[in-house]
Amino acid sequence: MRQGLRWLLAAALAAFACSAQAQTLYRWTQYVPGGLEARAITRDAQCPQARIDRRATPMRVRADRNEAFPVLACALTIPRGAKAVEIAGEALPLPKARADHILVLGDTGCRVTRLYNQSCNDPADWPFAAGARTEAGTTPDVIVHVGDMHYRETACRPWNDGCANTPHGDTWAVWESDFFAPAKPLLAAAPLVMVRGNHETCGRGGKGWSRFLDPYPLVSNSGCLRPGAPFVVDLGGLSLVVMDVSEAGEGAKREAQVARFRAQFQSLEGLAPQGPVWLAMHRPIRAAALAALGYVTGQNKVLAEASQNAMPARVAGILSGHIHTFQVLAYEDLPAQLVAGHSGAELHWTAPEDVTGLTIEGARVVSGTGRAGVHGFVTLTREGAGADGWRLENHDISGRVLDQCRMTKRQLVC
């Protein structure tokens, strides 16, 4: 009798664990101001069970469900030095003391607007899911997504089979389709650094961003967070500063924005007081979406003005997306600019591949390269014991290396 009761109890506990695990749709670790958080999305009525170093630790509700988002968003602060974290029985990736292999991707969603319908149902036209599997296989130490995950803004045209039945709007159905479902291999591969793009502003996909991915606490369950202050991620001798430039104007200079971002650039010295610094910010300061007849588009006038005489000399590089291409550019007296906006959304075919010699917002490109019209991702691999030397590789979706550069401080050799 006792043996039978024990068997029934064990079976019930196993069934409960399986049920809880099935309801936990996604789980990951993410850098936030001050450290690291575990996050989860569940259909259950409560946040899933979590364990830190084998000790049960309750998750807190980050955002409750509503009509547009019928899922629970949960969060848990991970203390420094934690060696093992589990959510609903699955282990989560934790940071290494020194990140030697960095994966950079961006602009991953499937664009569906009134003017343009990307074929979300065709893996050849929207290859983010295949790319995520390849990217996870590179065994990164940290993953930097430089923004723009939410792209399905309007209904697919009725006669277009390429995106038939795709959801649209700032809803859970879109966030799952555009990001969480295809990105699932990445969530399990390494801790994430999430950068807010212009597609995650409050007028577009900002509610989903605020509920699930914003690094700051959600203060309003149904609302949208405004851009937060920069924060630093310690990658072991290298400081990665995350800046929210999602609302930075690209046309005429806006003085209020220039003042706000200048103060943020000036704050970098205090945020990262020692060693080299990279910035992770969605919009590049100076890049080239088009170069024709002596005219270059792609620069951001607000950020160029704000960073003038305000960027610490220790800032060696900037990781960005926004322009749907691969590009890396070195200037005479400015940080090197990487653009990795080619990881899923429709591509910008006009972006130049020969970038050396271009003058962008008053700065001359002294070295670099680009590749238009090819979806892919970028890896950065540390060379040597310090944090000044890196091998930069641009891959296509299959993982094949298309371009390779050596980055030493602000200089590039490609």
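The values are calculated or read from the model by the stated rules, or taken from the named source; none is laboratory data. Computed from a predicted structure; not experimentally measured. As a convention, Cβ positions derive from the backbone with ideal geometry for all residues, glycine included, and neighbour counts pool all protein chains shown.
A few comments on the model shown:
- Residues in region 27-54 that are of a type in the set (Ser, Thr, Tyr) and within 26 Å of VAL241 (Cα to Cα): THR29, TYR31.
- Considering region 45-75, the residues that are of a type in the set (A, V, I, L, M) and over 16 Å from LEU25 (Cα atoms) include one that is surrounded by the fewest Cβ atoms within 10 Å (Cβ to Cβ), namely ALA56.
- Pairs meeting the criteria (first residue in region 215-241 and assigned by TED's automatic domain parsing to the domain that holds ARG65 and β-branched (Val, Ile, Thr), second residue surrounded by fewer than 15 Cβ atoms within 10 Å (Cβ to Cβ) and at pLDDT 95 or above, beta carbons under 9 Å, at least 6 apart or on different chains) are lacking.
- Within the set SER210, SER246, the sole residue that is of a type in the set (Ser, Thr, Tyr), part of a loop (DSSP other than H, G, I, E, B) and not assigned by TED's automatic domain parsing to the domain that holds TYR31 turns out to be SER246.
- Within region 97-127, considering residues that are in contact with a strand residue (DSSP E or B) (Cβ under 8 Å, 6 or more places away or on another chain) and surrounded by fewer than 20 Cβ atoms within 10 Å (Cβ to Cβ), the one farthest from THR379 (Cα to Cα): ARG98
- Count of region 335-360 residues, restricted to those that are surrounded by fewer than 21 Cβ atoms within 10 Å (Cβ to Cβ) and either of a type in the set (S, T, N, Q) or within 20 Å of TRP390 (Cβ to Cβ) (or both), is 3.
- Condition met for LEU319 (crowded, with 21+ Cβ neighbours inside 10 Å and within 24 Å of the chain's Cα centre (by Cα)): yes
- The requirement of being closer than 22 Å to GLY321 by Cβ and charged (D, E, K, R) is not satisfied by ARG262.
- Count - residues of region 335-353 that are part of a loop (DSSP other than H, G, I, E, B), free of Cβ contacts under 8 Å to residues at least 60 places away in the same chain and not aliphatic (A, V, I, L, M): 3
- The number of residues in region 293-306 that are surrounded by fewer than 24 Cβ atoms within 10 Å (Cβ to Cβ) and either touching a helix residue (DSSP H, G or I) at 6+ places or on another chain (Cβ under 8 Å) or not in a loop (DSSP other than H, G, I, E, B) (or both) comes to 6.
- Residues in region 315-334 that are out of contact with any Asp or Glu (no Cβ under 8 Å at 6 or more places or on another chain) and assigned to a loop (DSSP other than H, G, I, E, B): ILE323, THR325, GLU332, ASP333, LEU334.
- Screening the candidates ARG80, ARG98 for the property of being within 13 Å of LEU36 (Cβ to Cβ) and in contact (Cβ under 8 Å) with a residue 40 or more places away in the chain yields one hit, ARG80.
- Filtered by the rule that a residue be modelled with pLDDT under 95 and of a type outside the set (Gly, Ala, Ser), region 384-406 gives a lone residue, ASP388.
- Residue within region 382-399 that is over 22 Å from the mean Cα position of the chain (by Cα), charged (D, E, K, R), at positive phi and crowded, with 16+ Cβ neighbours inside 10 Å present: no
- Here VAL193 clears all of (1) closer than 18 Å to ALA345 by Cβ; (2) out of contact with any helix residue (DSSP H, G or I) (no Cβ under 8 Å at 6 or more places or on another chain) except the condition numbered (1).
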